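Here the structure comes first, spelled out in structure tokens, and everything after it is commentary.
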Amino acid sequence: MCKLSTGLELVLNASENLLQIVVTDNETLLCFQEWNTPQKATEILAPALQEICAALRMRLRDFRRIACVRGPGSFTGIRLVLTTAAALRRASRARLAGLDYMQALATSATIGRQLLYGVPVCVLTHARRNLVHFRPFVSFGPQIPAQPTGQTTLCPPHDLVAEITAHAAVRQAYVCGSGLMRNAAVFETCGLPTGLCRMPELVSPSVDALRLLARHGDYFTNDIEPLYIRPCDALENLPLLAECQGMDSAVTTTTLKTMLRRPPQSEI
């Protein structure tokens, strides 16, 4: 670590198919790993961090700042990185910052295409079948994170055609994210504007975008709250799952609601 270092920083993302790990020191990139194993991220993250620390001759408790992408996206991936960050915070003096996945993708577009101020960027990510997360952004140039111009919404992809067209009507707009690729047939049928610049290859944040967002993050000593947006499949299917287990679905649903409202007995 540099003598005048602002501290070792760890950035984690597992909101979609990739597990991304970034380590910097004084804004200098020390390590970047990307694992395309969506079903095994839970098994990979802890050993990967141990190996990274061994290679860099550092300890996990040496991190001063930890930035985690808090969603929206995969429930399992979001919980994995937030729980890991929470554990590391308790074992060290690290502060935590939550990053927005949609903003990470929009910022990746502005950096990758060197977009100037005022260029609209629409981000669509896959939520589940026939549902996408959508959020509009505007570029502030490649050295500043893209800024949102609206909230993240959850809707069917065909409902977004008019809104995306409106953004593209002002000036050439860019659109990216897994929702664009996963629903390509829908958008071809509905007809997106011809002047729209599509980026179907941009389905995960770039390392430069993650570093930029982490640099501008707000760090606190509290744990990071997840940003799920869409309802949990397990909760929606709970009555059916309960009946399959020979349990009363109404009692099971009521019990779960009671447990979710119960305050924690300790910080841990």
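Return the long-range amide H neighbours of F137 (sequence gap of 5 or more, or a different chain), with a cut-off of under 5 Å between placed amide H atoms.
Amide H neighbours of F137, under 5 Å, 5+ apart: V121, C122, V123, T149.
Enumerate the calculated ³J(HN,Hα) couplings along segment 179-190 in order (Karplus 6.51 cos²θ - 1.76 cosθ + 1.60, θ = phi - 60°), each rounded to whole Hz, writing x wherever the residue is Gly or Pro.
x, 5, 6, 5, 10, 4, 5, 5, 5, 5, 5, 6
If you average the sequence gap of Cα pairs under 8 Å that are 6 or more apart and divide by the length of the chain, what percent do you get for the contact order? Can you show the working numbers first?
Details: 518 pairs, mean separation 46.5, N = 268.
17 percent.
Mind checking the dipole of the chain: about its Cα centre, +1 per Lys or Arg Cβ, -1 per Asp or Glu Cβ, Debye to the nearest 20? All intermediate terms of the calculation are to be shown ahead of the outcome.
Numbers: 26 positive and 22 negative charges, 137 e Å.
So the magnitude is around 660 debye.
Once you've got the GNM for the chain with C-alpha springs shorter than 10 Å, pick whichever of L88, L192, L256 has the biggest mean-square fluctuation.
Greatest mean-square fluctuation among the candidates belongs to L256.
Determine the calculated [θ] at 222 nm for the chain from helices alone, applying -39500 (n - 2.57) to every DSSP H run no shorter than 4 residues and normalising by the residue count; nearest 500 deg cm²/dmol.
Working: 10 runs with 100 residues, N = 268.
Rounded to the nearest 500, it is -11000 deg cm²/dmol.
Could you check how much of the accessible area of segment 103-199 is carbon and sulfur, as a whole percent, using a 1.4 Å probe? Kindly include the intermediate steps, with their values, before the conclusion.
Details: 2300 of 4280 Å².
Roughly 54 percent, rounded to a whole number.
GNM on the chain, C-alpha springs below 10 Å: top fluctuator among S92, S108, S206?
S92
In whole Å, how far is the Cα centre of segment 20-57 from that of segment 194-247?
Taking the Cα centre of segment 194-247 as reference, the centre of segment 20-57 is 20 Å away.
I'd like to check one number: the per residue accessible area of the chain, probe 1.4 Å, reported in Å² as a whole number. The partial results should precede the final answer.
Numbers: 14200 Å² over 268 residues.
In whole numbers, the chain has 53 Å² accessible per residue.
Treat segment 146-223 as a sphere of radius equal to its Kirkwood radius over Cα pairs and apply Stokes-Einstein at 4 °C in a medium of 1.567 mPa s; give the translational diffusion coefficient in µm²/s, rounded to a whole number.
Details: Rh = 14.6 Å.
Calculated translational D: 89 µm²/s.
With θ set to phi - 60° and the Karplus curve 6.51 cos²θ - 1.76 cosθ + 1.60, what are the ³J(HN,Hα) couplings of segment 197-214 in order, to the nearest whole Hz, using x for Gly and Pro?
8, 8, 10, x, 6, 8, 10, 8, x, 7, 5, 5, 5, 5, 5, 5, 5, 5
Whole-Å semi-axes of the chain's equivalent ellipsoid, largest first, each the root of 5 times a Cα gyration tensor eigenvalue? Can you show the working numbers first?
Numbers: eigenvalues 187, 170, 46 Å².
Three semi-axes, in Å: 31, 29, 15.
Which loop-located trypsin sites (Lys or Arg not before Pro) does segment 165-230 contain, where loop means any DSSP state but H, G, I, E or B and the Cβ has at most 16 other Cβ atoms within 10 Å? Please report the intermediate quantities before stating the final value.
Numbers: sites: R171, R182, R198, R211, R215; in loops: R171.
Answer by residue number: R171.
Roughly what % of Cα-Cα distances in segment 103-199 sit above 24 Å, to the whole percent? Intermediate values should be presented prior to the final figure.
Working: 595 of 4656 pairs.
More than 24 Å apart: 13 percent of the Cα pairs in segment 103-199.
Determine the distance separating the Cα centre of segment 66-90 from the Cα centre of segment 104-150; give it in Å without decimals.
Centre-to-centre (Cα) distance: 22 Å.
Exposed loop sites here are GluC sites (Glu not before Pro) in DSSP loop states with at most 11 other C-beta atoms within 10 Å. What is the longest stretch of the chain lacking them? If you can, show how the numbers build up before the last one.
Details: sites that count: E201, E267.
That would be 1-200.
The values are calculated or read from the model by the stated rules, or taken from the named source; none is laboratory data. This structure is a prediction, so every number in the text was calculated from the model and none was measured. FYI the Cβ positions are ideal-geometry reconstructions off the backbone, even for glycines, and counts take in every protein chain you see. Each accessible area value is taken on the protein alone, full model and side chains, heavy atoms only, with ligands, DNA and RNA left out. Shrake-Rupley method; radii C 1.70, N 1.55, O 1.52, S 1.80 Å.
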